[in-house]
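Here is the structure we will look at, set down as structure tokens.
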Amino acid sequence: MVETDSKGNKILKVGSEKFVEYISEEKIQKRIAELGEEISKEYRDKLPVFIGILNGSFLFMADLMKNVTVRSEIDFLKLSSYGDAKISSGKVELIKELNADITDRYVVVVEDIVDSGLSIKYISELILKHQPAGLKVASLLVKPKSIKYDVKVDYTGFEIPDKFVLGYGLDYAQKYRNLRSIFILSE
Ligand code: PRP
């Protein structure tokens, strides 16, 4: 899948489009270790519930949880907004509800990316209906220039430009989620 060009850059070709490695596996893992430490300090003795948003968050959720050192629980929500398109349809659909009882619990939502902010706004409103003790959001990637809704990300891995990215959970027409690093569409 991934090739190395003459300058040593990792390249992924998808049809006529070219992606270049933007955040390496090492950088991702280092940042997740920092986030895990920060979150563990904040949630000591709080028995937090981490809620991963499927599908995109599956690798980040797994690696983040390996770096969380406090007692905690996990659950998942599944939404669909983009389908196979690269640009949001503007609609969010709930495909899998919560199983955990989050009333009076400290909740941390785990996302792969906050783009327009629509998904996180929808998820936050849904979670707040259950009256948790606290709600925070962790997102590996945030596109500050794309955010159109009033959302707050409490734990950000990396801020990135408003360009299409794939890998490490993020897909292109459902593929490439298994790449260990993040690739960005090259000009
Ligand atoms: C992606 C991503 C976020 C959302 C971010 O999900 O995982 O949930 O889009 O975009 P937004 O801030 O504009 O709402 P997608 O709907 O593509 O599903 P996936 O996680 O299964 O890839």
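The values are calculated or read from the model by the stated rules, or taken from the named source; none is laboratory data. Quick caveat, the model's predicted, so the values are computed rather than measured. Neighbour counts run over all protein chains shown; Cβ positions are idealised from the backbone, glycine included. With ligands, DNA and RNA removed, areas are computed over all heavy atoms of the protein, side chains included. Shrake-Rupley method; radii C 1.70, N 1.55, O 1.52, S 1.80 Å.
Quick look at the numbers
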item	result
Members of segment 149-178 that are among the hydroxyl-bearing types (Ser, Thr, Tyr), open to solvent by 30 Å² or more (accessible area, probe 1.4 Å) and within 12 Å of the ligand (Cβ to nearest atom)	149, 172, 176
Some residue of segment 122-129 being more than 9 Å from the ligand (Cβ to nearest atom), within 24 Å of residue 63 (Cα to Cα) and polar (S, T, N, Q)	yes
Subset of segment 4-26 [in contact with a strand residue (DSSP E or B) (Cβ under 8 Å, 6 or more places away or on another chain) and open to solvent by 90 Å² or more (accessible area, probe 1.4 Å)]	4, 10, 13, 22
Failed condition for residue 30, given (1) surrounded by fewer than 20 Cβ atoms within 10 Å (Cβ to Cβ); (2) more than 16 Å from the ligand (Cβ to nearest atom); (3) under 22 Å from residue 120 (Cα atoms)	(3)
Options 173, 138: the member that is of a type outside the set (S, T, N, Q), modelled with pLDDT under 95 and over 13 Å from residue 21 (Cα atoms)	173
Selected residue (only one of 92, 165 is closer than 24 Å to residue 32 by Cβ, among the β-branched types (Val, Ile, Thr) and touching a strand residue (DSSP E or B) at 6+ places or on another chain (Cβ under 6 Å))	165
Strands (runs of 3 or more DSSP E) enclosed by segment 45-148 - at least 1 residues per element that are loosely packed, with under 13 Cβ neighbours inside 10 Å and β-branched (Val, Ile, Thr)	93-96
Single match in 14, 70 (criterion: touching a Pro at 6+ places or on another chain (Cβ under 8 Å) and over 16 Å from residue 112 (Cα atoms))	70
Pairs where the first residue, in segment 142-158, is under 10 Å from residue 117 (Cα atoms) and of a type in the set (Gly, Ala, Ser) and the second is open to solvent by 60 Å² or more (accessible area, probe 1.4 Å) and assigned to a loop (DSSP other than H, G, I, E, B), C-beta under 6 Å, 6+ apart	146/162
